[in-house]
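Okay, structure first, notes after.
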Amino acid sequence: MLKFFILLADGHEAYRHGLARALAAHPRLALVAEASDGAPSAREAARAEPYMRLARMRMPDLDGLEVCRLLAGLDRRLQTMVVLIT
């Protein structure tokens, strides 16, 4: 069965852990990384190359839009779908 690798970035710890549990319950989703801020999530996305990145729009360091711009500027074929959550 094909699995979709997900990166989750959210500065609100309780919300991030709850969403991680919900993702883990789905048989076709695999959480490959979690981050509490934009900069670490950008590094993880470049490393893990997930299928989808769920990111909170507002985070302490880099917000979701800034991370999208950063990932789009990488000199590689990173093709990660980004879903911004608020």
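The values are calculated or read from the model by the stated rules, or taken from the named source; none is laboratory data. Here the structure is a predicted model, which is why all the values come from computation and not from measurement. Note that each Cβ is placed from the backbone with ideal geometry, even for glycine, and that neighbours are counted across all protein chains shown.
Please go through the range 42-72 and give me each residue that is closer than 14 Å to F5 by Cα and of a type outside the set (A, V, I, L, M), ordered by number.
Residues satisfying the conditions are E44, R47, E49, P50, Y51, R53.
Being acidic (D, E) and either crowded, with 23+ Cβ neighbours inside 10 Å or outside any helix (DSSP H, G or I) (or both) is the filter; apply it to the range 36-71 and report the residue that is farthest from the chain's Cα centre (by Cα).
Restricting to residues being acidic (D, E) and either crowded, with 23+ Cβ neighbours inside 10 Å or outside any helix (DSSP H, G or I) (or both), the top hit is D61.
Looking only at the range 8-30, decide whether some residue is out of contact with any Gly (no Cβ under 9 Å at 6 or more places or on another chain), under 14 Å from V82 (Cα atoms) and assigned to a strand (DSSP E or B).
Yes, that holds for at least one residue.
What pairs can you find where one residue is in the range 67-81 and hydroxyl-bearing (S, T, Y) and modelled with pLDDT of 70 or more, the other is assigned to a helix (DSSP H, G or I) and surrounded by 13 or more Cβ atoms within 10 Å (Cβ to Cβ), and their Cβ atoms are less than 8 Å apart, with a gap of 6+ or different chains?
Pairs found: T80/A45; T80/L71.
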